[in-house]
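Visitor: Quick one: the structure is below, and I'll ask about it shortly.
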Amino acid sequence: MGKYFNWPFEEFLLQSDKPDASVIELQVLGAGLPRTGTASLHAALTILGFGPCHHGSTLMCTPNRSLQYLHTLGKPSAAYRTLMRGYRSTVDIPNCYLVPELLSAFPKAKVVLSLRDSSDVWWKSVKGSIGRTNTLSYLVVTLPLGSLRHLIMMLKLGKYRLIPLFGRMRLSRAVYDRHNDWVRSIVPPEILLEFNVKEGWAPLCKFLEVPVPDIPFPHTNDTAATNTHITKAMTFGLALWVAIFICVGGIWYWSKVGGWEWALRMVREGILL
């Protein structure tokens, strides 16, 4: 049943997201917001040997992962070490909001702040993809999907972090600049790389002290895939709502016509059993 209700998101799980229990140290923390080239950075880190790499898409396919984050929030560093066991690196949500906690738990980790050309470019990308999920209609339509309910809970972590820092601001281009300034203010410059995926391998490899691969830098444009999954989620959610209303309506009608009394009488008289 759980597998069925996760159906719209199974293919979203990146293979290199799967944790390796033997890995106990997080080495690279991607602090950039979604839509800053996190999918490309995910692929690059994996190629460079920093996999498994945790990505926000993991939450869509493994609802319990979101609950683990919520249970870890505010706990000592040891809890975050347990949470991230199995991963050498991480990008995207929710960890881009947990930079102080993860640096405390993994003091040897390096931080990569992925950037777009400008806040306007980032905001245009957000509005054309994940911004579609930041609406009441999307929340209501996808409520029957267990995986998305947990994802929405996880996204509340952003508000937990952002509200104390920046006040109750709506999702906008200002979020981009304020988040990046926050990261710069808490991460020592010697362990921070501000990185645009357009720059390719050179700055990333130099920062991580690894050789430059003899293959092109991966440029993954996941906008179309993201929109496909959003549409799929809404379609599947609507179908589940229809099924729910049909079931509720059927139960109401059955009660209205005395169906339950008839069934109980048949049971008592031994006709149905």
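Read-outs throughout are calculated quantities, based only on the coordinates presented, and are distinct from any laboratory measurement. The structure presented is a predicted model; accordingly, all values stated were derived computationally and were not measured. Cβ coordinates were reconstructed from backbone atoms using ideal geometry, including for glycine residues, and neighbour counts include every protein chain displayed.
Visitor: As a footprinting exposure proxy, order 179, 42 by other Cβ within 10 Å, with the fewest listed first. Mind showing how you got there, number by number?
Guide: Values: 179 23, 42 29.
So the residues, fewest neighbours to most, are 179, 42.
Visitor: I need the phi-derived Karplus couplings for segment 173-187: 6.51 cos²θ - 1.76 cosθ + 1.60, θ = phi - 60°, integer Hz, Gly and Pro marked x.
Guide: Using θ = phi - 60°, the values come out as 5, 5, 4, 4, 5, 5, 5, 5, 5, 4, 4, 4, 7, 10, 9 Hz.
Visitor: Can you run phi through the Karplus equation (6.51, -1.76, 1.60; θ = phi - 60°) for segment 35-46 and list ³J(HN,Hα) in whole Hz, with x for Gly and Pro?
Guide: Running phi through 6.51 cos²θ - 1.76 cosθ + 1.60 with θ = phi - 60° gives 6, 10, x, 5, 5, 5, 5, 4, 5, 5, 5, 5 Hz.
Visitor: Which of 71, 55 comes first, and how do the rest follow, when ranked by fewest Cβ neighbours within 10 Å? Don't skip to the answer; put the middle values down first.
Guide: On the way: 71 11, 55 29.
Ascending number of Cβ neighbours within 10 Å: 71, 55.
Visitor: May I pose another question? Please list the non-local residues whose amide H lies under 5 Å from the amide H of residue 113, H modeled 1.01 Å from N, same-chain partners needing a gap of 5 or more.
Guide: Hits under the 5 Å cutoff: 31, 193, 194, 195.
Visitor: Neighbouring Cβ atoms within 10 Å as the yardstick, rank 166, 106 fewest first.
Guide: On the way: 166 14, 106 20.
Going from least to most buried by this count: 166, 106.
Visitor: Only sites in a loop by DSSP and with at most 15 other Cβ atoms within 10 Å count here; which GluC sites (Glu not before Pro) in segment 157-220 make the cut?
Guide: On the way: sites: 190, 194, 199, 209; in loops: 209.
Sites meeting the loop and neighbour criteria: 209.
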